[in-house]
1. Ignore the peptide's own chain and count Cβ atoms of other chains within 10 Å of each Cβ in A:9-17; give me the average, rounded.
2. Would you please give the FRET efficiency between B:Arg244 and B:Asp210, computed as 1/(1 + (r/R0)^6) with r the Cβ-Cβ distance and R0 = 30 Å, to the nearest 0.05?
3. Using a/c under 1.5 as the rounded threshold, could you call the protein assembly as shown rounded, prolate or oblate? The axes a ≥ b ≥ c are square roots of the C-alpha gyration tensor eigenvalues, and prolate needs a/b larger than b/c, oblate otherwise.
4. For the residue pair B:Ser390 and A:Leu36, what label-to-label distance in nm results when each label sits 7 Å from Cα along the Cα-to-beta-carbon direction?
5. Quote the accessible area belonging to A:Ile137 in square angstrom, nearest 10, computed with a 1.4 Å probe and with ligands, DNA and RNA left uncounted.
6. State the percentage of accessible surface on the stretch A:226-292 attributable to carbon and sulfur atoms; use a 1.4 Å probe and exclude ligands, DNA and RNA.
7. Applying 1/(1 + (r/R0)^6) with R0 = 22 Å to the Cβ-Cβ distance of B:Arg267 and A:Arg61, what FRET efficiency is obtained, to the nearest 0.05?
8. Between A:Met236, A:Ser222, A:Leu138, whose Cα lies farthest towards the positive end of the dipole of chain A when Lys and Arg beta carbons carry +1 and Asp and Glu beta carbons carry -1, centred on the Cα centre?
Amino acid sequence: MMPMLFPYQDKDTPLHRLDARPKMVFVLAFFLLSILISDILYLSAMLVLALTVVARGRVARETLGLLKYTIYVVAFLFLFSIIFTPSVGPVLLDLGIVKITEGPVLFSISMSLRLVLSVVAFAVLTFTVHPDDLLRILSRLGFKSMTGVSIATRMYPTIAADSAAISDAMKARGVEFDDGSFVRRARARAPVMMPLLMNSMERSMNIAEAMEARGFGAGKRSRYKDPALRTADRLMMISFLLAIPFGVAMFIMGYGNVNYLAGEPLVITAAGATVAAVEILFFTPILLGGRQ
Amino acid sequence: MICMERFSFTYSGKDAPVLDDVSLEVRENEFLLIVGASGSGKSTLIRSFNGLIPHFYGGEVGGRVTVDGLDTRRTPPAKMASIVGMVFQDPENQLVMTNVENEMAFGLENLALPREEIQGRITEYSEYFGLDPFLERFIPQLSGGEKQKVALASVLAMRPRYIVLDEPTSQLDDESASMYLDFLHRLNSDQGIGIILVEHRLERCLSYADRVLFMESGRVIADGTPDEVMPLMRKNRLVADFHRGVQGNGLGDVVLSARGLTFAYERDAVLRGLNLNVRDREVVAIIGHNGSGKSTLLKQLNGLLRPAEGTVAVLGRNISEATTASLARDIGYLGQNPNNYLFEDTLEMELQFTLRNLKVPEAEWAERIDWTLRMLDLERYRRSFPRDLSCGERERAALASILVGRPRILLLDEPTRGLDHWNKARLASILATLREQGMTTVMVTHDYRFVAEHATRVLSLDGGALTEVPLTKVMELVKVCGTEA
């Protein structure tokens with residue numbers, strides 16, 4: 001059979017067994033802190049935890065697949081900040097026209113870490129939270145449009161299959177896909193988009209009709225699955241949520257808050273290491289996962 | 001009782017009504033079959049029974065429809081859902097959730113039933129449908145037949161009094177379709193649920209139906225028992241007698257050959273040292289159960305997939321170095337879904353797209369386009385938007401976009417899927433004409449009757465290799481599926 005194309009990875013790991021709600025709170029809090037914090041030390045500690053979580057959920061390979069695409073952004077970040085920002089701090093490498101100085105390099109590392117952390121947080125959400133659970137939780141929070149998100153997830157394999165079949169059809173009509181430059185190849189892909197778009201529009205009309213015929217939109221719905229949160233789940237959520245005010249308070253006090261472009265160097269202090277460790281500690285309960 | 005009184009409907013923006021002054025009654029436990037050519041108004045008629053017409057599709061309404069006393073115009077379709085359930089053509093486009101249990105719960109949640117009730121109904125109906133081992137399964141991983149069963153179970157769990165089905169088996173192969181229709185019959189006789197069915201696999205349905213409506217141009221022109229309506233169906237070629245085809249090995253040159261093909265998806269071996277020789281002007285049919293790798297084999301023959309080992313030769317030339325696009329002048333390929341071929345504003349532009357890709361000199365275009373449209377009887381649609389055409393016409397339009405390149409060999413993947421008898425007969429006569437003009441055809445199909453009537457040679461793909469299937473064996477398969485009429 002054709003290989004399955006579906007973002008969610010149906011695996012039996014402690015992370016997958018954990019209720020979706022603590023996982024979603026984890027991702028949210030983790031994401032917010034990774035945007036806030038700029039200190040490379042803190043960000044590195046968070047990355048170690050994030051990768052441990054991914055490993056615990058046995059979705060490392062899939063996550064690396066996502067990270068592959070960030071390499072280009074990271075490369076661009078480095079290039080851009082080294083060329084276009086003024087020299088700050090000691091010179092690391094003198095290439096004549098361009099002097100690579102410490103400030104922009106540290107800044108690029110910090111930005112790249114943030115980016116990678118956001119992607120990993122997104123990976124935890126995509127690969128370990130069942131889309132049906134996501135729909136259920138978000139629709140209860142009042143996000144009506146989330147129905148669409150769940151259906152998009154459901155349709156993902158269909159659209160992927162459509163896209164492959166359309167490529168075949170176009171090749172059979174003489175479109176060369178793997179010939180010539182990158183631009184030419186990209187151009188050749190254009191005829192795939194039109195039928196794909198038209199198919200998707202027809203499908204979404206059909207789905208809307210089918211949903212209406214099954215009573216969607218009649219009024220108040222009941223909820224079939226609504227598993228009670230365990231005490232452990234609640235404690236986890238509290239811990240993840242507390243990480244936010246703690247992180248913000250520390251940030252205001254200067255921990256994790258570094259402006260490398262202003263020439264601040266990379267320093268590791270005992271106090272800084274302690275604060276970073278405490279911040280990580282708030283998130284570690286996720287490694288416990290859910291019940292057998 | 002569904003009561004339709006002088007009902008008419010015109011889609012907004014259209015001049016002619018799709019339903020024209022229709023009056024009829026449907027009793028609660030009837031098995032009603034609705035037949036007619038495409039465009040006769042069958043789909044619109046059944047959508048009027050649950051209020052999708054006029055609520056979902058805007059338009060001009062005349063007369064009225066009441067279902068168990070409720071006027072569909074005043075009752076929104078979502079409310080109607082607990083009385084009239086509906087199953088649609090494509091299983092892909094009616095399943096909302098990602099697993100079976102949640103899918104079954106979806107409609108019940110919409111009815112705002114309490115959790116215990118939902119649980120009870122899921123258990124009851126999944127057992128009835130034999131879906132209990134599937135509850136946790138991922139819907140995208142189910143087969144078409146399983147998906148369609150889930151769609152039916154999900155609708156039935158809402159305990160409607162009638163179920164309306166719009167060509168529910170058109171995307172299924174003969175075996176799954178027969179099973180599905182048997183199941184509908186059981187539902188009707190065991191549970192007394194009214195079945196209102198639009199279907200093109202008429203042979204099987206006719207033995208189950210209490211009553212048949214024959215539609216033409218938005219009107220019901222015959223209403224009676226299957227026997228009473230039969231002469232009209234025959235006259236309109238909706239059913240036809242079985243004609244045994246002529247088989248035999250081709251004597252011409254080998255135009256397409258495969259040697260020792262081996263292929264696997266990840267670790268699952270699909271083809272194991274497969275050999276194939278197709279001679280000039282043969283019509284070779286490849287049959288085999290679901291997942292046996294028939295489509296995979298077809299894609300090897302024009303380079304859409306490449307074998308791990310072995311070679312394919314087209315017109316004596318090894319194709320391992322040639323792209324599919326460069327082979328398109330010699331070997332045409334029509335995949336399962338004709339929609340994937342259609343995107344231009346007019347059919348003519350669609351054909352021009354292919355000619356441009358194949359670098360055919362513009363001086364030849366007009367002649368080639370005329371020839372193709374005439375061959376496929378599509379001249380009157382030259383300036384139509386191909387996606388506005390009916391299912392059978394779309395199939396021919398997609399075929400046109402391939403034939404305009406004048407290939408010598410044609411590969412067809414399930415060419416009769418979703419077609420009624422009338423459209424199948426047209427396809428068969430097109431293939432026959434093409435053959436007279438020198439075309440060699442290889443098709444992959446589940447349609448045993450089509451194979452028995454029109455293929456010159458039948459091969460079965462099993463265990464990664466091909467074996468010849470004698471006509472007597474094909475005839476047995478036709479009988480099992482009950483499609484011989």
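1. Across A:9-17, the average partner-chain Cβ count within 10 Å equals 1.
2. On the way: r = 32 Å, r/R0 = 1.07.
The pair B:Arg244/B:Asp210 has a calculated efficiency of 0.40.
3. Cα axes put the protein assembly as shown in the oblate bin.
4. 6.5 nm
5. In the full protein context, A:Ile137 sits at about 30 Å².
6. Working: 2720 of 3810 Å².
Taking all protein chains in place, the stretch A:226-292 shows 71 percent carbon and sulfur surface.
7. Numbers: r = 16 Å, r/R0 = 0.74.
After rounding, the FRET efficiency stands at 0.85.
8. Final value for the positive-end residue is A:Ser222.
The values are calculated or read from the model by the stated rules, or taken from the named source; none is laboratory data. These numbers come from a predicted model, not from an experiment. Cβ sites come from the backbone with ideal geometry, for glycine too, and all protein chains shown count toward neighbours. When the accessible area is computed, the model is the full protein with side chains, heavy atoms only, and any ligands, DNA or RNA have been set aside. Shrake-Rupley method; radii C 1.70, N 1.55, O 1.52, S 1.80 Å.
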